[in-house]
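Data block below; observations after.
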Amino acid sequence: MKFVVIPLLAFLFYSCGSISFLSKKEVYSEDFLGKFKVCKDSFLKNQREHAILCALQIDDRLITPSEQALKYNFIGVVKFVSAQYADAIGFFEKSMPNSSDDPALEAQIALNAASCYFKLENYERSFDYLKSINEANLADRDKKKFFQLGHIIAAQMGEHDFALRSLINYLAEVKDIKKLKENPLYSRLFLYYSHLSAHERLRLIGDFSGKSSIVVGVLAHQELEESFYRGELHTVESLISWMKEEFSGNSLIESWIADYDKRLHSSSRVTTKSIGVVLPLSGEKKDFGLRALAGIEFALKKRYKDSEPPRLLIRDDMGVAQVGAERIRELVEQESVGIVIGGLFPKEATEQFLETRKYGAMFLSLSPVDLGREEKNHLIIELQGSVESQVASLFSSTFLDQYGKRGAIIFQNDEKGKNYVNEFWGQAEQKQVQIKGVQAFTGELEDYRKTVREILGLEFVYERKEERELMKDINNLRFSSYMRRSQELPPEVDFDWVYIPVYPREAMQIVPSFRYYDAFGVTYVGGPSWRNKTMMKEISTVGNVLFVGDDISVDADLNRSYVQEYAKPMKLIELAAYDAVNVAAQLIGSKDFDSRYEFSKSILGQTHLQAASGGFVKEDDKLWIKQMSILKLKKKGVQKI
């Protein structure tokens, strides 16, 4: 398995091996400590058998029960380091009854026993020992091990409150929110958190009062958002008050608080009789904006033939993200709109959504936003398919049953790429898919062959030294009489398919590089942008090239009507805009809403929405996931698999 950028966490617990042997004079005699030091020195010199014999020669009849506990704990440590876990447990359990006079030793013995049972995959007994430990009695370095083991074992046992508290403490040293989000364990915080009831979550947050934990601040922000959308305004006020006191001086958390304070006290009036539209209607992107506007106007005519359509409040963002955010603010504050259609390009979409989110307005984005799952909620629908929607389709049973459960990913090491890889990891864990390779590249490269070499295991020459020498000899024999490019190692293609969520420019250099290194028969999977004429012409012949996208066989009557109206066919931008109007109509229904909270709760109560390019399903009462297809790229078009 090849992991270069994001390594797997190898939870190898050496807590027993790195134990600090206690020497409290009030519990242990000088004579005993002198003999015990000789045994410790042997152990530290890696003379394990001698260390055990040394300890066993200390006569139990001549030492106190506490000294016996320290002696047998020591022998257990040596057995643990020697991977003799069952024997080690016997010594730890023999020492436990005599350790009560030394609370630190008692806690440490329990942690050692828990580690042994974990190694033996007896998670129930391991968890029993963990629950018996008073963490205050552990040394600081042992507390770290306790919290690490605690969140893993508790999760295995379905004890999510214990798991979350352990993980919060384990990550307590992280003081920067950006670094916290980059931590591989970040997604587990929300996984454990989601299993708790609202009451349990609030109690947990309160229990960490006074610690100013960044981790708890992030969870409190999540609870603030969920409480706001549930309409629990008293809880929102209480959380805001608590966070102001707890995180005074933290500029990012203070900005979160200010956002919700503003939303809480701003006007809650909302109208669904008007829809805000924010598009580039001037500047370099004007033509794209006009195409989207045509799709919106066409949808209004089709849907509201026999009734009065909602009023469009159209604003020009000039193709500038910050201008678009300002237009959103004006529409929500001055016009009280409940729905905004916009975000024609990812950068603008991201800024505009962040602004609508502040006010609890619904955002129908015409392109994906560059934010992770935890930053989104039920008030955004990405009409061309979010990162989450694309990856969900990739991990569908239809795809996995046909193409296999061993995947790899190549991604650009930026915010968007990280969103893809984080979602990839999460889905793989849920669907029990083996991840055989994870490889990132930075920036726009002229040559992507090094990236491909790494995913194929051709950079790990030391690890494959013997194989390399053998292949070198074979190649010398085969090619001694004529010239040919030869490589010293064959590629390691231990994955069934590789996901490459990049734009066509990068894809057209990455995909052919596999064949350059003799990796034939690879299945490549890209994103919606791979529906590209150049890709069809240049890449479709190099192997099995697939992509996640919409099955846009637009209804013939719909397209004919559009051509009659605008003298041109309906394409992706027009179709997304057309879908936006129809989705908005379903969200509004026939109701009038007295407040923004009431409208938000109405949206929260909906689970399915229909659109011409594919339906949407709300996942876990939060994210809208588009039902997308896996399509095969062919020289003359695409084919749904």
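The values are calculated or read from the model by the stated rules, or taken from the named source; none is laboratory data. Quick caveat, the model's predicted, so the values are computed rather than measured. With ideal geometry, Cβ positions are generated from the backbone for all residues, glycine too; neighbour counts draw on all protein chains shown. Side chains included, ligands, DNA and RNA excluded: accessible areas come from the protein's heavy atoms. Shrake-Rupley method; radii C 1.70, N 1.55, O 1.52, S 1.80 Å.
Using +1 at the C-beta of Lys and Arg and -1 at the C-beta of Asp and Glu, which of Val270, Leu105, Phe424 has the Cα lying farthest in the positive direction of the dipole of the chain?
Sorting the options by dipole projection puts first Phe424.
Beyond a 21 Å Cα-Cα separation, which of these cross-linked pairs lie in this structure: Lys533/Lys640; Lys37/Lys131; Lys35/Lys145; Lys568/Lys634; Lys286/Lys626; Lys45/Lys143? It would help to have the intermediate numbers written out before the result.
Values: Lys533/Lys640 17 Å; Lys37/Lys131 31 Å; Lys35/Lys145 29 Å; Lys568/Lys634 25 Å; Lys286/Lys626 28 Å; Lys45/Lys143 26 Å.
Lys37/Lys131; Lys35/Lys145; Lys568/Lys634; Lys286/Lys626; Lys45/Lys143, as the Cα separations exceed 21 Å there.
So what's the angle, to the nearest 10 degrees on a 0 to 90 scale, between helix 251-265 and the longest Cα principal axis of the chain?
Relative to the chain, helix 251-265 is tipped by roughly 50 degrees.
Give me the net charge of Gly417's neighbourhood, meaning all other residues with Cβ under 12 Å from the Cβ of Gly417; Lys, Arg count +1, Asp, Glu -1.
Summing Lys/Arg as +1 and Asp/Glu as -1 gives -3.
Evaluate 2.2 N^0.38 Å with N set to the residue count of the chain, then give the Cα radius of gyration divided by it.
Values: Rg = 30.3 Å, N = 641, 2.2 N^0.38 = 25.6 Å.
With N residues counted in the chain, Rg over 2.2 N^0.38 Å equals 1.18.
Give the angle, between 0 and 90 degrees and rounded to the nearest 10, that separates the Cα long axis of helix 233-246 from the longest principal axis of the Cα atoms of the chain.
The angle comes out at about 50 degrees.
Which whole-number value in Å² is the accessible area per residue of the chain, probe 1.4 Å?
Values: 29320 Å² over 641 residues.
About 46 Å² of surface per residue is accessible.
Give a quick list of trypsin sites (Lys or Arg not before Pro) in region 21-107 that DSSP marks as loop, anything other than H, G, I, E or B, with at most 14 other Cβ atoms within 10 Å.
Working: sites: Lys24, Lys25, Lys35, Lys37, Lys40, Lys45, Arg48, Arg61, Lys71, Lys79, Lys94; in loops: Lys24, Lys25, Lys45.
In loop regions of region 21-107 (DSSP not H, G, I, E or B), the sparsely surrounded trypsin sites (Lys or Arg not before Pro) are Lys24, Lys25, Lys45.
To the nearest 10 degrees, how steeply does helix 465-478 sit against the main Cα axis of the chain, on a 0 to 90 scale?
Long axis of 465-478 versus the principal axis of the chain: about 60 degrees.
Given the DSSP H assignment, sum -39500 (n - 2.57) over each helix run of at least 4 residues in the chain and divide by its residue total; what's the result at 222 nm in deg cm²/dmol, nearest 500? Let's see the in-between values first.
Working: 27 runs with 332 residues, N = 641.
Helices in the chain give a 222 nm mean residue ellipticity of -16000 deg cm²/dmol.
Net charge around Trp497, counting only other residues with Cβ within less than 14 Å of its Cβ (Lys, Arg = +1; Asp, Glu = -1)? Could you put the intermediate results ahead of the total?
Working: positive: Lys405, Arg406, Lys431, Lys436, Lys632; negative: Asp401, Asp494, Asp496.
Neighbourhood net charge equals +2.
Order the peptides 505-517, 295-307 from the highest to the lowest mean number of other Cβ atoms within 10 Å of their residues. It would help to have the intermediate numbers written out before the result.
Numbers: 505-517: 18.7, 295-307: 15.8.
Per-residue Cβ counts within 10 Å, averaged per peptide and sorted highest first, yield 505-517, 295-307.
Could you look at the chain and say what percent of its accessible area is carbon and sulfur, using a 1.4 Å probe and all protein chains? Mind showing how you got there, number by number?
Details: 14250 of 29320 Å².
For the chain, the apolar C and S fraction of the accessible surface comes to 49 percent.
In the chain, what % of DSSP beta bridges are antiparallel (nearest 5)? Numbers along the way, then the final one.
Details: 14 of 49 bridges.
If we restrict to bridges inside the chain, about 30 percent are antiparallel.
Report, in debye and to the nearest 20, how large the dipole of the chain comes out about its Cα centre when Lys and Arg carry +1 and Asp and Glu carry -1 on their Cβ. Kindly include the intermediate steps, with their values, before the conclusion.
Values: 85 positive and 90 negative charges, 385 e Å.
In total the dipole reaches around 1840 debye.
With an 8 Å cut-off on Cα pairs and a minimum separation of 6 or more residues, tell me the relative contact order of the chain in percent. Numbers along the way, then the final one.
Working: 975 pairs, mean separation 70.3, N = 641.
It rounds to 11 percent for the chain.
Could you give the distance between the Cα centres of region 266-325 and region 82-160, to the whole Å?
Region 266-325 and region 82-160 have Cα centres separated by 61 Å.
For region 234-310, what does the relative contact order come out to in percent, with C-alpha contacts under 8 Å and a separation of six or more? Working shown, then result.
Working: 24 pairs, mean separation 15.1, N = 77.
Result for region 234-310 is 20 percent.
Can you check what the net charge comes to around Lys635, using other residues whose Cβ is under 10 Å from the Cβ of Lys635 (Lys, Arg +1; Asp, Glu -1)? Can you show the working numbers first?
Values: positive: Lys537, Lys634, Lys636; negative: Glu538.
Net charge in that neighbourhood comes out at +2.
What value in Å³ per residue do you get for the convex hull of the alpha-carbon atoms in region 126-216?
Values: hull volume 9.3 nm³, N = 91.
Hull volume normalised by residue count: 102 Å³.
Please compute the Kirkwood hydrodynamic radius over region 511-605, one decimal place, Å, based on all pairs of different Cα atoms.
Numbers: mean 1/r = 0.0575 Å⁻¹.
After inverting the mean inverse Cα-Cα distance, the result is 17.4 Å.
At 10 °C and 1.306 mPa s, what whole-number value in µm²/s does Stokes-Einstein give for the translational diffusion of region 168-277, with Rh from the Kirkwood sum over Cα pairs? Please list the in-between numbers first.
On the way: Rh = 15.1 Å.
Approximately 105 µm²/s, per Stokes-Einstein.
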